[in-house]
Every structure is written in C-alpha cells, then in structure tokens.
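Here is the structure we will look at, set down as structure tokens.
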Amino acid sequence: MTQLDKHKVVNATKWSAIAEVLAKLIMPVTTMVLARLLTPDAVGIVASIAMVVEFAEIFTDAGFQKYIIQHEFADARDRDERTNVAFWSNLVLSFVLWGVIALFNEPLARLVGNPGLGYVLVIASVSIPLQAFSSIQLANFKHDLDFKTLFKARIVGVLVPLVVTIPLAFAMRSFWALVIGTISVNLVNAVVLTAWSNWKPRWYFSLTQLKQMLSFTVWSMIESVSVWFTNYIDIFIVSISLSQYYLGLYKTSMTTVAQITTLITAATTPVLFSSLSRLQDNRQEFEQLFFRFQKLVGLLIIPLGIGIYVFRDFITLVLLGSQWSEAAHFIGLWGLTSAITIVLAHYSSEVYRALGKPKLSVLAQVLHIIVLWPVIQIAVGYGFETLCVSRALVRLELVLVQLVITYFVVRLSPWQLLKNIMPSCIAGCLMGIVGVLLLQVNTSIAWNIAAVFICMISYGCMIYMFREERQIFNTFVHKWIQR
C-alpha cells in the first residue's frame, strides 16, 4: 500500500483517544478505592506474580499479533488461513505453558520472592490462555484500523474492575481481589472481541505457513522478551532484595504514572504502528506521519510529565492515599522521565517494527539492559530512595541509544526529533516554574487544584506563541466548531 487513507487514520486515532479518555476517567476511581483497601504488600505479591504470567504470554503470542497487524495478505483467503494458524498456535502453546507453570509453581513462586504462594501463581495463570484466545481477534481489528469496535471493547473491559475487583477488595481485603479481577478482565475481553469480530476461528493449520510466519515472528518475539527484561529486571531484583512492601510502592508508582500517561500513548501508539506499517514502502509519507505524531504527542505528554513531577505529592495523596506517601518522589521522577522517554525512545521502536526491523528494537533493549541491570543491582543496596532515583535517571540512557540507532540505521535525524518537540519543552519548563512558585504560596488540596488549572492555562498561552503549534491549535478549534 503506497497511499494511506488519512481519514481512516484520523478516525482510528479519534476512537482510540475517546476510549482512553473514558478509560482514564474510570480507572483512577478504581485505583483510588483499591489503594485504600489494599496494602503495598498485597500489591507487591501481585506484581511479582504478574512478572511470571506476562513472560509466559510473550511466548504464547510468539509475535503473531504483530504479524497480523503488519502483514499485507495476498487475498481474503490467505488472511483467513494465516489468522487461523496464528490463533491455534497461540492457544495450544498457552495451555502448554500454563501446564509448565502448574508443574513448577512453587519453585517459580520462590524465584520471584513469594515462597508458599505457588498455588496463587497457578490460578493467576488462567489469564494466559484467555489472553491467547483474544490476541488474534485484537490484531484483526488493529490491522483494519477498526478502533471504533476496540473502543467499545475497551470500555467494557475497564468497567469490570468496578463490578468485580472493588467489591472483592471490600469483602476480602486481600491480593485475591486483584488476581480474580485480572482473570475477569481477560475473560470478558475474550468473549467480547470474539462476539464482535467478523472473523471466527475454524479448524485449519499449515506447517508450511507456520514456518513462513515464524521467520518474521521470531525476531518480534525476541524483541518482546527484551522489552520484558527491561520492564521487569528491576521488579525481579526488588522482589528478592527488598520487602513486598517496597515492591508494592515501587510497582504502584510506575502503574500510577502509566495510568496517566497512557491516556495519550495508548490512544496513539496502536494507530501509529498500524498506520506506519501501511506506509513502509513510501518513505516520504512515512516520515511525515511519524513526525506529525511525535509533535502532537509531545504537545500533550511533555507538560503532563512536568506536571506530574511538580504536583507529585498532590497526585499521590488523591490517587493513592496517605499510606502511599513514600511513593510520591518516585512518582514525580517517573512521570518526568516518562515524558522524555515516550517522545524520544518509545516511538522509535514503532518505526523499527513498522519497517519490519524488530532486530533494531532488540539491539536497543539489550544495550539498555546492559546498563540497567548493574545500576539497579548496585542502587538497591543503598535503599529504596536511591533505587528510585537511579531507576528513573537510567532511562535517559535508552533515549540516547534510540537516537543513535534511528540516525545511523533508519536515517532519522536526532536534531529533527529534538527540534520537533522543542516548543513543547520550552513551554512545559516555563509552566513547571509557574507551578513550583504557586506551591510556595499554599499546599492545600484546593490550592493544588487551582494551581493545576493555572498551569494548564499558562502552558496553553506559551505554546500558542510558536507558529506551527499555533496552527495546530487553530486547526483543531476550527474543526471542533464545524462539528
């Protein structure tokens, strides 16, 4: 495909964004309630169990979801056959891995710092076949840029914790509420996506097609493994070096920031990857679309990251409660570095995968792990505070690695990447200064709320001073008025 239907991209982004906005209006409510019902220790137990489950899910998917999204099929029959091959491969492998976890449940539980809780790991792993069942359906919708249907599925999914997890947390006051809630979400996703999909699985399998698909998916799977190591090597070290209490603080800080930042990234990343994949043979349009996405995301994510850092104590108190106050500093640092990492590193991975070069993403992750592992191993010996600062700052090494790779291999200029978001950085920093000064006046909840709105207005005024950003804002307002 050499010419992408721009209306379809815009429409996909719109529905993806609406889904994430509504989800983020619901999820903080869930987080606020659960954080007050469950202790950091309970969250720490679930975090270590999730580490094992998510690692297994990498192999059940085996890169097939990305293959379905990116591949240009010869015709409808070819697509149906390969989709069935992917579906049955996923499902069979998921049951095999669930069996392996059940067989070695107690050694695995001890490995992640939860001795005696092997049976919990077995039950939590029910999510593995459920996730495998729905992943190919999800890929089909993304391939077609049908984010309107995914919007409905997303809303149904985020409502599950309100009707399952929270009532269980009230009744049990245990990590079981989170375990059962996660299983329920995966079950609902599997049922809903299958019911709404035009494609239904049928018995068809071809070893020849499987081998052809694996030639692509093997590197995609290796990339997923490397990303898992990047995301979980620190969780593993903390789980065996510190208490479950500190693991709970550590993981919840990351999750809290992710719930805020994914309001933007989860709405744009799937659309970006699907869209770039359709344009991989048209370099000019490919780069234009990428830089457009980066600028638009930067306009939102950079002030958001700075705002999380400035108002870290307020965010922690409102979303988590006073028992999580030790997490405030890490939440602030993680929010700030997340903004930088997202616009300068994460989207580079989407470029590699869209161009069919997942090896580059693997290279970037490996180069990051080489630095991340020893840094965390040393920092954890100096206590929780040192660990948090080190973990946040070491992310900047990944940014540097991605900038170098995108320049020498993909030929995207680091200067152009930086220049593209410079207005957002300047306006965001000035907004941050305004926020710091406002907090010198008062620290009450009411004043924090007022200060947040003042910062938003000040950022809007400052970003409007830049010509290109002003044009984007005017275009958005004009379209909004027309509708």
(request) Kindly list, by first and then second residue, each pair from a residue in segment 175-201 that is under 16 Å from I128 (Cβ atoms) and in contact (Cβ under 8 Å) with a residue 60 or more places away in the chain to a residue that is basic (K, R) and buried (at least 22 other Cβ atoms within 10 Å of the Cβ), limited to pairs with Cβ atoms under 8 Å and residues at least 6 apart or on different chains. (result) none
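Got a sec? Which of V409, V380 is more than 20 Å from S338 (Cα to Cα) and modelled with pLDDT under 90? It would help to see each step written out before you state the result.
Details: V380 fails: modelled with pLDDT under 90.
Of V409, V380, the one residue that is more than 20 Å from S338 (Cα to Cα) and modelled with pLDDT under 90 is V409.
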(message) Among the numbered criteria (1) of a type outside the set (V, I, T); (2) crowded, with 20+ Cβ neighbours inside 10 Å; (3) closer than 20 Å to F95 by Cβ, which one does F175 miss?
(response) (3)
(message) Taking the conditions exactly as written (surrounded by fewer than 16 Cβ atoms within 10 Å (Cβ to Cβ), on the phi < 0 side of the Ramachandran plot, touching a residue at least 60 places away in the same chain (Cβ under 8 Å) and not basic (K, R)), does C425 satisfy them or not?
(response) no
(request) Mind counting the residues in segment 111-128 that are farther than 15 Å from T182 by Cβ and modelled with pLDDT of 85 or more? (result) 2
(message) Considering only residues that are among the aliphatic types (A, V, I, L, M) and either under 12 Å from E54 (Cα atoms) or surrounded by fewer than 18 Cβ atoms within 10 Å (Cβ to Cβ) (or both), which ones fall in segment 111-121?
(response) L111, L121
(request) Could you please find all residues in segment 145-172 being on the phi < 0 side of the Ramachandran plot, surrounded by 18 or more Cβ atoms within 10 Å (Cβ to Cβ) and not β-branched (V, I, T)? (result) D146, F147, L150, F151, A153, R154, G157, P161, L168, A169
(message) Looking at segment 257-275, can you tell me whether even one residue there is modelled with pLDDT of 80 or more, crowded, with 18+ Cβ neighbours inside 10 Å and either touching a Pro at 6+ places or on another chain (Cβ under 8 Å) or of a type in the set (A, V, I, L, M, F, W, C) (or both)?
(response) yes
(message) Every residue in segment 295-322 that is among the β-branched types (V, I, T) and surrounded by fewer than 18 Cβ atoms within 10 Å (Cβ to Cβ), please.
(response) V318
(request) Can you confirm whether segment 352-373 contains a residue that is under 30 Å from F453 (Cα atoms) and surrounded by 14 or more Cβ atoms within 10 Å (Cβ to Cβ)? (result) no
(request) Among what's in segment 374-393 and is touching a helix residue (DSSP H, G or I) at 6+ places or on another chain (Cβ under 6 Å) and of a type in the set (G, A, S), pick the residue that is surrounded by the fewest Cβ atoms within 10 Å (Cβ to Cβ). (result) S390
(message) I'm trying to understand the selection: among the residues of segment 215-249, which are among the hydroxyl-bearing types (S, T, Y), farther than 24 Å from L396 by Cβ and assigned to a helix (DSSP H, G or I)?
(response) S215, T217, S220, S239, Y245
(request) Only helices (runs of 4 or more DSSP H) wholly contained in segment 341-460 count here; list those with 2 or more residues that are closer than 20 Å to F291 by Cβ. (result) 347-354, 358-379, 395-408, 414-439
(message) Can you say whether E397 is acidic (D, E), more than 21 Å from the chain's Cα centre (by Cα) and either surrounded by 15 or more Cβ atoms within 10 Å (Cβ to Cβ) or farther than 28 Å from L247 by Cα (or both), as far as the supplied structure shows?
(response) no
(request) Given the conditions (1) farther than 28 Å from A76 by Cβ; (2) in contact (Cβ under 8 Å) with a residue 60 or more places away in the chain; (3) over 20 Å from the mean Cα position of the chain (by Cα); (4) surrounded by fewer than 23 Cβ atoms within 10 Å (Cβ to Cβ), report the number of the one that F133 does not fulfil. (result) (1)
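The values are calculated or read from the model by the stated rules, or taken from the named source; none is laboratory data. Note that the structure is predicted; figures quoted are calculated from it, not measured. All Cβ positions, even for glycine, are placed from backbone atoms using ideal geometry, and neighbour counts span all protein chains on display.
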